[in-house]
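Chemist: I'd like to ask you about the structure that follows.
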Amino acid sequence: MSGLPGAELLVSTPSGRLSVLINRRAALVASALLLVVAALAVLSTAFGTRWLPIDQVLSGLLGTADRAVTLTVREFRLPRTVVAVLVGSALGLAGALTQALTRNPLASPDVLGVVSGASAGAVAVLITAGGATVGYGGAAAGLSEVGVPIGALAGALLSAALVLGLASRPAGALPATQRVVLIGIILNAVFLGLVQWALTIGDVDQAAKAAVWLTGSLHGRGWEHVTAVGLALAVLLPLALLLRRPLDAVALGEDIAITLGVRVPRLRLVLFTLAFALAGMAVAAAGAIGFVALLAPPLARRITRSGAPLLTAALMGAALLLTADVLARHLVPGAELPAGAVTALVGAPALLVMLLRSRS
Amino acid sequence: MTLLRERPSVPPAAGQARLGLGVVLLLAAVAAVAVLGLALGSQALPLWEVLAALRGQEAGDASIIVLEQRLPRTMLGLLVGSALGMGGAVAQSLTRNPLADPGLLGVSAGAALAIVVAAFAAGVTTLAPQLLFAIGGAAAAGTAVLLLGTRTAVGTTPQGLALVGVAVSAVLISVASTVVLFDAQTLDEYRFWLVGSLAGRGMSTLTTVAPVIAGGAVLAWIASRALDAVALGDDTARALGVRLRRAQLLAGTAVVVLTGAAVAAAGPIAFIGLAVPHAARALTGPRTAWLLAYSAALGAVLLVLADVIGRIVARPNELQAGVITALIGAPIALALLRRSRSGATV
């Protein structure tokens, strides 16, 4: 997919039965990003109410440090970091898929209102399971692992069907790229209104904690939040990578894809479902984190300079969310912001700039 | 000169008598929802008890509920609703854009951000200075959206301008919600205010905001004649002798004052400014003065109704009026978006 001659590398097994075409630049960028994510992950684990030196973090991970340090690293800080990596990757990948499928740089799950729809679904499950457990962490581990992800998934798919259905009809003179943004933001208001309402049914003391479902936060994430998003990513990321060739064809234009033998409607259905499932799982783990899915793919594309960046977008999402979470914990001395507030502060102006630059 | 004093020719409007009758009917509707606002809530009161409490013949619980809680709340709802309705009507006429709602154009978000920043940076928590900040913030945000919208390719269509507006709103609201998160103590109060709510406002809020909204209404009424001409296009309006800049400034000030006051009193309530003028225009035709009167009455009815619904559906808790208007208003916004064509005048 790269225009440079010799930029692609054909790797084959000696028998020649299995061969993979690798874009050299993309592979290089992916490995470099992987290193960046690893470094940020260590940094994120070292930061906390108390700074742990890097060597202590590493020995804590290996279990060779004293018991207090090992406990802090393994049970409190590591799950948070892992959730950040997984959620960021899921959002980045979901954004890359939706942007490639719609050929619209603004159509990411967060801008489309799918992230807030998933948030509403997750909160609906929490409410029906018992008002007192609204908010994060208050919910029983079983609920976090099974019930909330299912609710978020249902919310994500329902809201996605709604926004894509509405956006498929023409709306005045607005080009399709911008139409979905307007519809998405209006639906966003509705879903966040529903979440807000649902939270007032809960305990007043949970007010500050409720921020997780409205803005997205990684505070207090434990291993029970890792399961669903980790599983989703483990299954869906390889699936997405397998479908990357037909996706690249669709990115060139639907007619071309059909000529190339791609069954476009089926591919769309599969990949949209995949993208919104990833977004739903991300929300179930960390709440409605906005703008990571919007920003990771274009940033990744800028570095790889080729087709739809899937793996690099996922890594970029992880790097963005880790950075946002570290900043959220240390931007204000003595207070901790939700990571979603940081991504929104950076992402909303970025959306505005992208909009103003977009061609009609 | 006499020619210029006459109204510019506009498509045939409904007869004055019919429009006058409509106002009477709308005022009856306002009175009806006001009674609902007094009678319904977490505890429903029979009508005769409400009336007795209003006349001061009733002592005890009912009297306290009606006079001290529901009366100021209902009156504030009427006032804020009418301000939002009029603000939307003027904004739509001024920009000739059917999607120009102060909520969609970032004006409400600007007012909200200014209030939040003033509270946390300067400790401003009393209503009178908050009003000033709200109006200033509304003016700044509205100007920014209009400038960004008209200087770029996106903003040339009505929907494009709305799009720039919602994006600017998203920026402003993300800053406001972050600022609110800094202080856990006031989070609880502002978190409901940021949704838009009429709950817990006393008589003092009402008396502070009322003159400001009245002033905004007067400005809007003065601008209404020029806006009739503006509807025909800038050039035609100039040819008809309208001083365009002055008219735009006047109408813009009216929008900012009405919206700023509404936001200071009840938070950024969405969609009333969008939906109400459309309904009103269907009844009145294009004359701006009548449009203002109908929008004010319909906005008042809608907001109080939303507040009453919010008190009933989630008993014993409350659904904020802003949530209800978002749920009712979003489908209307989507329908308008679908219908409106580029370049179409209102």
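The values are calculated or read from the model by the stated rules, or taken from the named source; none is laboratory data. All of these numbers come straight from a predicted model, not from anything done at the bench. Cβ atoms come from the backbone with ideal geometry, glycine included; neighbour counts cover every protein chain shown.
Chemist: With (1) within 26 Å of residue A:227 (Cβ to Cβ); (2) at pLDDT below 85; (3) surrounded by fewer than 16 Cβ atoms within 10 Å (Cβ to Cβ) as the list, and residue A:38 as the residue in question, which single condition is left unmet?
Modeler: Tallying (1) within 26 Å of residue A:227 (Cβ to Cβ); (2) at pLDDT below 85; (3) surrounded by fewer than 16 Cβ atoms within 10 Å (Cβ to Cβ), residue A:38 fails exactly one: (2).
Chemist: Could you check how many residues of segment A:258-267 are part of a helix (DSSP H, G or I), at pLDDT 85 or above and touching a helix residue (DSSP H, G or I) at 6+ places or on another chain (Cβ under 7 Å)?
Modeler: Residues meeting the conditions: 2.
Chemist: Filter segment A:178-200 down to residues that are among the polar types (S, T, N, Q) and under 14 Å from residue A:110 (Cβ atoms), then give me how many there are.
Modeler: Looking only at that region, the number is 1.
Chemist: Given A:207, A:251, A:171, which one is more than 10 Å from chain B (Cβ to nearest Cβ), modelled with pLDDT under 85, surrounded by 15 or more Cβ atoms within 10 Å (Cβ to Cβ) and in contact with a helix residue (DSSP H, G or I) (Cβ under 8 Å, 6 or more places away or on another chain)?
Modeler: So the residue among A:207, A:251, A:171 that is more than 10 Å from chain B (Cβ to nearest Cβ), modelled with pLDDT under 85, surrounded by 15 or more Cβ atoms within 10 Å (Cβ to Cβ) and in contact with a helix residue (DSSP H, G or I) (Cβ under 8 Å, 6 or more places away or on another chain) is A:251.
Chemist: Could you check how many residues of segment A:272-309 are surrounded by 24 or more Cβ atoms within 10 Å (Cβ to Cβ) and within 26 Å of residue A:161 (Cα to Cα)?
Modeler: Final tally of qualifying residues: 23.
Chemist: What tally of residues in segment B:102-117 results from selecting those that are under 10 Å from the mean Cα position of the chain (by Cα) and farther than 24 Å from residue B:242 by Cβ?
Modeler: 2
Chemist: Also: Do any helices (runs of 4 or more DSSP H) lying entirely in segment A:40-116 carry at least 3 residues that are closer than 21 Å to residue A:323 by Cβ, touching a residue at least 60 places away in the same chain (Cβ under 8 Å) and of a type in the set (A, V, I, L, M, F, W, C), and which ones are they?
Modeler: Hits in segment A:40-116: A:78-102.
Chemist: Scan segment A:300-318 and report the pairs whose first residue is closer than 14 Å to residue A:35 by Cα and whose second residue is modelled with pLDDT under 80, with Cβ atoms within less than 7 Å and a gap of 6+ or a chain change.
Modeler: Within 7 Å, the pairs are A:312/A:26.
Chemist: When you scan segment A:84-128, how many residues do you find that are surrounded by 24 or more Cβ atoms within 10 Å (Cβ to Cβ), closer than 21 Å to residue A:355 by Cβ and of a type outside the set (A, V, I, L, M, F, W, C)?
Modeler: 9
Chemist: Every residue in segment A:327-351 that is surrounded by fewer than 20 Cβ atoms within 10 Å (Cβ to Cβ), hydrophobic (A, V, I, L, M, F, W, C) and either away from chain B (no Cβ under 14 Å) or without any contact (Cβ under 8 Å) to a residue 12 or more places away in the chain (or both), please.
Modeler: A:331, A:332, A:335
Chemist: Suppose we filter B:234, B:228 for residues that are among the acidic types (Asp, Glu), without any contact (Cβ under 8 Å) to a residue 12 or more places away in the chain and more than 10 Å from chain A (Cβ to nearest Cβ); which single one remains?
Modeler: Result: B:234 is the single residue among B:234, B:228 that is among the acidic types (Asp, Glu), without any contact (Cβ under 8 Å) to a residue 12 or more places away in the chain and more than 10 Å from chain A (Cβ to nearest Cβ).
Chemist: Of everything in segment B:148-157, what is at pLDDT 80 or above and either part of a loop (DSSP other than H, G, I, E, B) or more than 7 Å from every other protein chain (Cβ to nearest Cβ) (or both)? Give them in sequence order.
Modeler: B:149 - this is the single residue of segment B:148-157 that is at pLDDT 80 or above and either part of a loop (DSSP other than H, G, I, E, B) or more than 7 Å from every other protein chain (Cβ to nearest Cβ) (or both).
Chemist: Do you know which residues across segment B:220-244 are basic (Lys, Arg) and assigned to a helix (DSSP H, G or I)?
Modeler: B:225, B:238 - these are the residues of segment B:220-244 that are basic (Lys, Arg) and assigned to a helix (DSSP H, G or I).
Chemist: Hey, can you tell me all the residues within segment A:293-316 that are in a helix (DSSP H, G or I) and either of a type in the set (D, E, K, R) or at positive phi (or both)?
Modeler: Passing the criteria: A:301, A:302.
Chemist: Which number in (1) within 17 Å of residue A:46 (Cα to Cα); (2) in contact with a helix residue (DSSP H, G or I) (Cβ under 7 Å, 6 or more places away or on another chain) marks the one condition that residue A:310 misses?
Modeler: Condition (1) is where residue A:310 drops out.
Chemist: Among (1) part of a loop (DSSP other than H, G, I, E, B); (2) more than 23 Å from residue A:264 (Cβ to Cβ); (3) modelled with pLDDT under 75, where does residue A:218 come up short?
Modeler: Here residue A:218 meets the rest and fails (3).
For (1) facing chain A (nearest Cβ under 9 Å); (2) assigned to a helix (DSSP H, G or I); (3) at positive phi; (4) at pLDDT 90 or above, each residue gets a yes or a no:
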position: B:140; (1), (2), (3), (4): no, yes, no, yes
position: B:146; (1), (2), (3), (4): no, yes, no, no
position: B:159; (1), (2), (3), (4): yes, yes, no, no
position: B:162; (1), (2), (3), (4): yes, yes, no, no
position: B:198; (1), (2), (3), (4): no, no, no, no
position: B:205; (1), (2), (3), (4): no, yes, no, no
position: B:214; (1), (2), (3), (4): no, yes, no, yes
